[in-house]
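The values are calculated or read from the model by the stated rules, or taken from the named source; none is laboratory data. Model, not experiment: these values are computed from the prediction. Note that we place each Cβ from the backbone using ideal geometry, even for glycine, and neighbour counts take in every protein chain shown.
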Amino acid sequence: MELASHSLFIAGGIGITPFLPMMTALNSGRCRWTLLYFAKSRERAPLLDEVEALALCGFGELNLQLTGQNGGHRFNLKAALTGLPEDTHVYCCGPNGMLSDFLSAAASNDLPPDRVHVEYFANEIEAATDGGFTVILQKSGKELIVDPGATILEAVEAAGIAVPQSCLEGLCGSCETRVIEGIPDHRDMVLSERDKQSGRTMMICCSGTKSSRLVLDL
Ligand code: FES
């Protein structure tokens with residue numbers, strides 16, 4: 001990375017991970033940085049305590065955008081990349097949709113390519129697609145069989161139920177769904193270990209079940 005006099009980081013959820021050592025290095029080099037950090041809620045913002053501690057060192061500024069609040073309004077990334085100091089380096093890491101919005105915003109602001117950086121972060125845990133279990137959608141009064149090869153989200157959508165979604169790989173938290181009964185087989189990178197053990201919610205884009213039947217609040 002560049003020890004530029006100013007850096008702008010844009011992170012979505014677990015996409016914050018590669019930026020921590022970079023912000024630490026910038027603090028050591030007494031270089032200024034700004035972090036735009038998107039998460040559904042403070043509880044769903046990984047490493048938030050560490051980020052806040054780094055921002056308190058005097059060189060960083062944290063702009064936390066909680067997407068689960070205020071109706072989840074769409075943030076204007078193009079505006080965030082407008083009027084930056086001349087030598088600012090910009091970095092983005094998050095779900096694919098965020099990365100492509102970022103690259104379009106950088107291009108439309110004519111930012112020089114050597115100052116635009118994308119960090120890819122993937123969930124290396126495979127999605128649960130063994131299928132062969134029953135999902136009850138309590139609110140909708142539907143009962144589904146999830147077939148082998150399909151995720152729960154795919155089965156739910158095939159039944160005509162819309163669920164908020166974005167990354168489809170357990171990174172963003174959009175598809176978080178309350179579990180009423182059953183034992184989820186968590187495959188996401190959003191929930192903490194404690195949340196996973198509680199089994200109260202799950203990311204249905206990638207997680208499956210350890211029980212033969214799941215009842216979801218859908
Ligand atoms: S759609 Fe992103 S975690 Fe499920």
>> Can you tell me which condition I14 does not meet? The list is (1) part of a helix (DSSP H, G or I); (2) at pLDDT 95 or above, and all the others hold.
In response: (2)
>> Please go through region 129-140 and give me each residue that is within 16 Å of the ligand (Cβ to nearest atom) and crowded, with 20+ Cβ neighbours inside 10 Å, ordered by number.
In response: V135
>> List the strands (runs of 3 or more DSSP E) inside region 113-218, counting only whole elements, that have at least 1 residues being touching a Cys at 6+ places or on another chain (Cβ under 8 Å).
In response: 116-118, 201-203
> Taking into account only those residues within region 141-161 that are in contact with a helix residue (DSSP H, G or I) (Cβ under 9 Å, 6 or more places away or on another chain) and not charged (D, E, K, R), which is farthest from the ligand (Cβ to nearest atom)?
Replying inline: I145
> Which residues, counting only those in region 162-180, are within 6 Å of the ligand (Cβ to nearest atom) and either touching a residue at least 60 places away in the same chain (Cβ under 8 Å) or buried (at least 21 other Cβ atoms within 10 Å of the Cβ) (or both)?
Replying inline: S166, C167, G170, L171, C172, G173, S174, C175
>> Exactly one of these conditions fails for A105: (1) crowded, with 19+ Cβ neighbours inside 10 Å; (2) touching a strand residue (DSSP E or B) at 6+ places or on another chain (Cβ under 8 Å); (3) not hydroxyl-bearing (S, T, Y). Give me its number.
In response: (2)
